[in-house]
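Data block below; observations after.
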Amino acid sequence: MSIEERNVESTKKSNAHLGPEKGLSVWVFGGQLLTYKVRSEQTGGAYSLFEGLVPAHDGTPPHIHHREDECFYVLEGEFEFSVGDDTLLAEAGTLVYIPRGTLHAFRNVGEEPGRLLISQTPGGLHERFFEEAGEAAADTRIPPVPKGSPDFERIAAIAAKYGTEIPPVSPAA
């Protein structure tokens, strides 16, 4: 199913069954692969679920979701989460729940790619953000060749459309 076809909203719930390495995938932030496992239209908008493959030493900038809660379950690797004023280390088997309105970020602190399950409640906004900010993955094994650093100003503008705030990063002193 193409991203364009997926943009049709539905409130009807449907069953989902996806095997390993199945589901629509998008590349985000230059090298993270997100694979849709359960889309919001399958849950009547209740939630969405993604599998994230995050390269070593990669992650997200600090951001705030104003409309949904987010939950991470570490499948493989070791991640560092910044949640409000706290820093949490999360290894395989760890769950990190982040309520809406909380500044947070994560980074894979391991030397190998890490995998996460990522859910948002309610669903829908993350999907739209990833579709617009990311790049459809024709090949899920090879990330697109980056054309410089990710354009965080562009990403922040797209995120704002979907209720996510990415505060400006202050230069290091």
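Derivation of every value follows stated rules applied to the coordinates shown; laboratory data play no part. Because the structure is predicted, anything quoted here is derived from the model rather than measured. Every residue, glycine as well, gets a Cβ built from its backbone with ideal geometry; the counts of neighbours run over all protein chains shown.
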Q.
I need the peptides 62-75, 82-95 ranked by packing, meaning the mean over residues of other C-beta atoms within 10 angstrom, with the highest value on top.
A. 62-75, 82-95
Q: With a point put 7 Å past each Cα toward its Cβ, work out how far A160 is from E135 in nm, to one decimal.
A: 2.5
Q: For segment 30-91, build the convex hull from the C-alpha positions and give me its volume per residue in Å³.
A: 110
Q) Rounded to the nearest 0.05, what FRET efficiency is calculated for S149 and N15 with R0 set to 41 Å and r the Cβ-Cβ distance? A) 0.50
